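Worksheet: the structure to be examined is printed underneath.
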Amino acid sequence: MKKDDRSIRLLERARQKYKSETETEIELLIAREDYFPHLDYFLDLLKDGGDLGTIAQRVRKPTIALLCLQAPIELFWAQGFFPVKIYSGSYGASNLTSPRLPALMCPTLKAILGRAEMDESLAEVPWVIPLTCDWVVKFKETRELFGEFRRPVHFLEVPRVKDSPIARDRWFYEQYSLSGFLKKIGGEKLKAKNLLAALKVMEEARKALFQLTRLRRRGFIASVFYALITSSFFLDNPTNWTANVLKVVEFLDKKEPKGLQEGIFLSGSPIFFPNFKALHLIEEAGLKVYGDDLCSSERIFPRHVGLTDTSEDGLMRALAEAYHRGCLCPVFAENSHRASIIKEALSEAPIRGVIFHLLKGCHPYELDSFCLEESLKEWGLKYLKIETDYSIEDTGNLLTRLEAFRPTLAESEPLDELAG
Amino acid sequence: MLLKVYRLIVQHLSFIILIYGGRFGVQLGPAVPCFACPYVNGCGGQCYLMGLQGYIGFGISLADFWGFEGLRALFYLAVFIILVVLLGKIWCGWICPFGLFQDWLTYLRRKLGFSSLKIEPETLHKLGYVKYILLGWLILGPILVDLKVLHPDFYLPFCQMFCPAKPILPVFGGEFRHFALDTTNLVTRIVTTSSLLVTGGFLAAMFARPRFFCTFCPLLAMIHFLEPLTLLKLKKEPLLCHGCGTCQRVCNMDVEEVCLEKEKKDVQVVDCINCGDCIASCSAKGALGFSFAGKTLVSSSRELSLGLKTKKTSA
């Protein structure tokens, strides 16, 4: 698709904006008093801006663009690919495509479309698109308004009912269809041995992240740093990433524990680099975040894949279950288990309230927020919903609301059996 | 992971005691609520099902029941009930030697890379009723023998005709004779042919699917009848469950009720053998656990599922 001069100018401006947003966020993080050198590794990964060519050289594997975490990462690894979750929290990227898209569209998808327009490397790799929310379902067509996919695109149809055996079987076979796609585009044949090895790599990453999460519950790591670490998961070989997370864990473990202040749990739409606006504002308002259920953070991969049967069929079933039945994304029907993560965190940290971070246009999370609010009030927790996008215009307003929310935490009365 | 290691240790110790205990002077009596097969030479305890069909149960004639034999039967019934009340289905998941034998077959299959035989939950549910039919048979059979409706060679009708443990477990005591046909008369031919066919079928099925025999086990049905009295139970905290389904997938018995339950805390269903694999694999803190007399003994956590050391995280 040939671009006119104006489009080229806009594209260049967006690239500059994206670069400056990344640099500003990195400077903000480095300038913090609690920054520590073990985070350099993660920042260096993010400085590259997620160029897929650079990542492919780093991991020495062909890369595949992945639109959502719903796809089983281990399957890509087992068949010789390196999936890169394509995300963006950039206002510049979002603003580039915004005038040509619905006003109330999810800003993350706008930013990803913008990033795809700015970053040529994304056109040169195959895409896998798990069909989760409606915006993602229409991603291919929307992307084709602005540019083309030069490599194949594979859809993964996600059944919306988790407890139905038919739906579970459908998802199981979807995984085999993904495996077939990976083979077709030059991947290795699926072998139980390789899949088991990939599952073990993921299990180590999961263990490392869980150890970091435990430290987070004890107030040892700021949420922005936790988000920084999880944001870089798809940018390097997972074994390197895990080793570096363990270094952070080792460093933080030596810190002296302090008395913990009452804090909050962050729920809702994901928060993507370089836009850590919400995290910064929450902290600026004097609120401590002890946990979250964001798919960009504590939920970046399934919690645990219990293995008993290590045959190919057994491993594929385990994988299917972890990525489907175990997923707490609000796109699923009858998603009442979502609140369980909050309840679990309540027993681990002095959480007295929940802040629901909602990206404008993120409809599944918006609907979920009402259901969640009911449960939280029953549990005696304070609740605040903040609706935002990637612009900075609402910063003052959000800060005022967050500051007003902080004193209310002292009034919260969590049920005895829930409080930590 | 740790829970699984403990279970393996207990299972193997139990196997040694119940199969070889008699050779070292250990004798736990005839009311053991698991398949401690009395056909094994030098066994350390005897499965209650055999006694129930014989000298401490329905094998006693009505006339003898009012004498010492009846009193002895009631005594062993009381012992059986007390043992079940104390440990519930831990007898099945942790102690039963035939259960361990089935676990060895599953281990072998997995090592060979074969996947498990899939059976639809509905079919499995229907197959589960067979255990009640077998329980009915082991009660009715001795009565019919006593009433002379059945030939006397039909004594111990469950053990002799349907129990796969009877030919298999004595092998561990060095005895293979239960794999032979008894050609004494037509009845013994029928009885031993049935035993060998059932054993062969179960051997194949137990290799193809974990704990396949337990679905049909009449002892499991008996223990389940006593479940309201048992002190050890599987508990669920539905509010903490993530609904991931791992508990069902790792379940040897493919129990789906535990995963699907969204309100009740008591999830001790008939086919659950209390092996605890669901607790060991569940990553939701406190969602599943064993309780004894209302006190939690062990509960699920991410530490347990990931094999990490527990650290205090609360404020």
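The values are calculated or read from the model by the stated rules, or taken from the named source; none is laboratory data. On a predicted model such as this, the values are computed, not experimentally measured, just so you know. Methodologically, a virtual Cβ is constructed for each residue, glycine included, from the backbone with ideal geometry; neighbour enumeration extends over all protein chains shown. The protein model used for the area step is the full one, side chains on, heavy atoms only, and it has no ligands, DNA or RNA in it. Shrake-Rupley method; radii C 1.70, N 1.55, O 1.52, S 1.80 Å.
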- Note on the structure: Expected output for the range A:369-397 (first residue on the phi > 0 side of the Ramachandran plot, partner surrounded by fewer than 17 Cβ atoms within 10 Å (Cβ to Cβ), Cβ below 7 Å, 6+ apart or cross-chain) is A:380/A:413; A:380/A:415
- Out of the residues in the range A:298-333 that are touching a residue at least 40 places away in the same chain (Cβ under 8 Å) and acidic (Asp, Glu), state the one that is nearest to residue B:114 (Cα to Cα). A:312
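Restricting to the range A:281-320, name every residue that is basic (Lys, Arg) and out of contact with any Asp or Glu (no Cβ under 9 Å at 6 or more places or on another chain). If you could, list the steps in order and put the result at the bottom.
Going residue by residue through the range A:281-320, those that are basic (Lys, Arg) are A:288, A:299, A:303, A:317.
Passing the criteria: only A:303.
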- Note on the structure: Scanning the range B:61-78 residue by residue, the ones that are free of Cβ contacts under 8 Å to residues at least 40 places away in the same chain, open to solvent by less than 40 Å² (accessible area, probe 1.4 Å) and either part of a loop (DSSP other than H, G, I, E, B) or out of contact with any helix residue (DSSP H, G or I) (no Cβ under 8 Å at 6 or more places or on another chain) (or both) total 1
- Odd one out for residue A:300 among (1) crowded, with 24+ Cβ neighbours inside 10 Å; (2) more than 14 Å from chain B (Cβ to nearest Cβ): (1)
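State all residues of the range B:16-33 that are outside any loop (DSSP other than H, G, I, E, B), open to solvent by 10 Å² or more (accessible area, probe 1.4 Å) and not aliphatic (A, V, I, L, M); if no residue qualifies, say none. Before the answer, list the steps.
Filtering the range B:16-33 down to residues outside any loop (DSSP other than H, G, I, E, B) leaves B:16-24, B:32.
Filter again for open to solvent by 10 Å² or more (accessible area, probe 1.4 Å), leaving B:16-17, B:20, B:22-24.
If the condition is that a residue be outside any loop (DSSP other than H, G, I, E, B), open to solvent by 10 Å² or more (accessible area, probe 1.4 Å) and not aliphatic (A, V, I, L, M), then B:20, B:22, B:23, B:24 are the ones that fit.
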- Query: Any idea which residue in the range B:250-262 is farthest from the other protein chains (Cβ to nearest Cβ), counting only those that are farther than 18 Å from residue B:131 by Cβ and open to solvent by less than 50 Å² (accessible area, probe 1.4 Å)?
  - Reply: B:258
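Here are some residues: B:239, B:297, B:232. Which one is surrounded by fewer than 24 Cβ atoms within 10 Å (Cβ to Cβ), within 11 Å of chain A (Cβ to nearest Cβ), touching a Ser or Thr at 6+ places or on another chain (Cβ under 8 Å) and farther than 30 Å from residue B:115 by Cβ? Spell out how you get there, then give the answer.
Values: B:297 fails: within 11 Å of chain A (Cβ to nearest Cβ); B:232 fails: within 11 Å of chain A (Cβ to nearest Cβ).
The conditions single out B:239.
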- Task: With the checklist (1) over 23 Å from residue A:333 (Cα atoms); (2) under 20 Å from the mean Cα position of the chain (by Cα) in hand, flag the one item residue A:369 doesn't pass.
- Result: (1)
- Task: Please give the number of the condition residue B:204 fails out of (1) crowded, with 21+ Cβ neighbours inside 10 Å; (2) outside any loop (DSSP other than H, G, I, E, B); (3) away from chain A (no Cβ under 14 Å).
- Result: (1)
- Message: For the range B:279-294: of the residues being touching a residue at least 40 places away in the same chain (Cβ under 8 Å) and open to solvent by 50 Å² or more (accessible area, probe 1.4 Å), which is farthest from residue A:211 (Cα to Cα)?
- Response: B:293
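Kindly indicate which of B:127, B:169, B:196 is surrounded by 15 or more Cβ atoms within 10 Å (Cβ to Cβ), under 25 Å from residue B:84 (Cα atoms) and touching a residue at least 12 places away in the same chain (Cβ under 8 Å). Explain how you work it out, then say what you get.
On the way: B:127 fails: surrounded by 15 or more Cβ atoms within 10 Å (Cβ to Cβ); B:196 fails: under 25 Å from residue B:84 (Cα atoms).
From the options B:127, B:169, B:196, the qualifying one is B:169.
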- Which residue, of A:164, A:179, is open to solvent by less than 70 Å² (accessible area, probe 1.4 Å), of a type in the set (S, T, N, Q) and more than 14 Å from residue A:128 (Cβ to Cβ)? A:164
- Any hit, the range B:120-135, residues being in contact with a helix residue (DSSP H, G or I) (Cβ under 8 Å, 6 or more places away or on another chain), under 30 Å from residue A:168 (Cα atoms) and among the β-branched types (Val, Ile, Thr): yes
- Message: Condition first: farther than 16 Å from residue A:147 by Cα, open to solvent by less than 40 Å² (accessible area, probe 1.4 Å) and not in a loop (DSSP other than H, G, I, E, B). Can you find one or more residues in the range A:104-113 that meet it?
- Response: yes
- Got at least one residue in the range A:246-253 being under 26 Å from residue A:408 (Cα atoms) and open to solvent by less than 50 Å² (accessible area, probe 1.4 Å)? no
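Take residue A:209 and tell me if it is within 22 Å of residue A:66 (Cβ to Cβ) and in contact (Cβ under 8 Å) with a residue 24 or more places away in the chain. Reasoning before the result, please.
Numbers: within 22 Å of residue A:66 (Cβ to Cβ): yes; in contact (Cβ under 8 Å) with a residue 24 or more places away in the chain: yes.
Yes.
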- Query: Does any residue of the range A:214-224 turn out to be out of contact with any Leu (no Cβ under 6 Å at 6 or more places or on another chain) and away from chain B (no Cβ under 14 Å)?
  - Reply: yes
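Picking from B:279, B:273, which residue would you name as being part of a loop (DSSP other than H, G, I, E, B) and β-branched (Val, Ile, Thr)?
When all the criteria are applied, what remains is B:273.
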- Of the residues in the range B:80-115, those that are in contact with a Gly (Cβ under 7 Å, 6 or more places away or on another chain) and either aliphatic (A, V, I, L, M) or modelled with pLDDT under 95 (or both) come to B:115
- Message: Yes or no: the range A:399-411 includes at least one residue that is among the hydrophobic types (A, V, I, L, M, F, W, C), surrounded by 16 or more Cβ atoms within 10 Å (Cβ to Cβ) and within 14 Å of another protein chain (Cβ to nearest Cβ).
- Response: yes
- Query: Which of the residues spanning the range A:138-156 are at pLDDT below 95 and open to solvent by 50 Å² or more (accessible area, probe 1.4 Å)?
  - Reply: A:138, A:140, A:141, A:144, A:145, A:148, A:150, A:151, A:152
- Message: Looking at the range A:127-137, can you tell me whether even one residue there is farther than 16 Å from residue A:84 by Cβ and assigned to a loop (DSSP other than H, G, I, E, B)?
- Response: yes
- Query: Name the pairs whose Cβ atoms lie under 8 Å apart, with the first residue in the range B:39-53 and in contact (Cβ under 8 Å) with a residue 60 or more places away in the chain and assigned to a helix (DSSP H, G or I), the second of a type in the set (Val, Ile, Thr) and buried (at least 24 other Cβ atoms within 10 Å of the Cβ), and 6 or more positions between them or separate chains?
  - Reply: B:48/B:32
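Just to confirm my filter: which helices (runs of 4 or more DSSP H) fall fully inside the range A:1-102 and include at least 3 residues that are hydroxyl-bearing (Ser, Thr, Tyr)?
Details: elements: A:5-31, A:40-47, A:52-59, A:73-78, A:91-97.
Counting at least 3 such residues, we get A:5-31, A:91-97.
Has the range B:7-26 got at least one residue that is among the hydroxyl-bearing types (Ser, Thr, Tyr) and without any contact (Cβ under 8 Å) to a residue 12 or more places away in the chain? Even if it seems obvious, please write down each step before you answer.
Of the residues in the range B:7-26, the ones among the hydroxyl-bearing types (Ser, Thr, Tyr) are B:14, B:20.
Checking which are without any contact (Cβ under 8 Å) to a residue 12 or more places away in the chain leaves us with none.
No, the conditions are met nowhere in the range B:7-26.
When you go through A:56, A:65 one by one, which is the residue that is in contact (Cβ under 8 Å) with a residue 24 or more places away in the chain, of a type in the set (A, V, I, L, M), open to solvent by 10 Å² or more (accessible area, probe 1.4 Å) and over 18 Å from residue A:16 (Cα atoms)? Before the answer, list the steps.
Values: A:65 fails: open to solvent by 10 Å² or more (accessible area, probe 1.4 Å).
Result: A:56 is the single residue among A:56, A:65 that is in contact (Cβ under 8 Å) with a residue 24 or more places away in the chain, of a type in the set (A, V, I, L, M), open to solvent by 10 Å² or more (accessible area, probe 1.4 Å) and over 18 Å from residue A:16 (Cα atoms).
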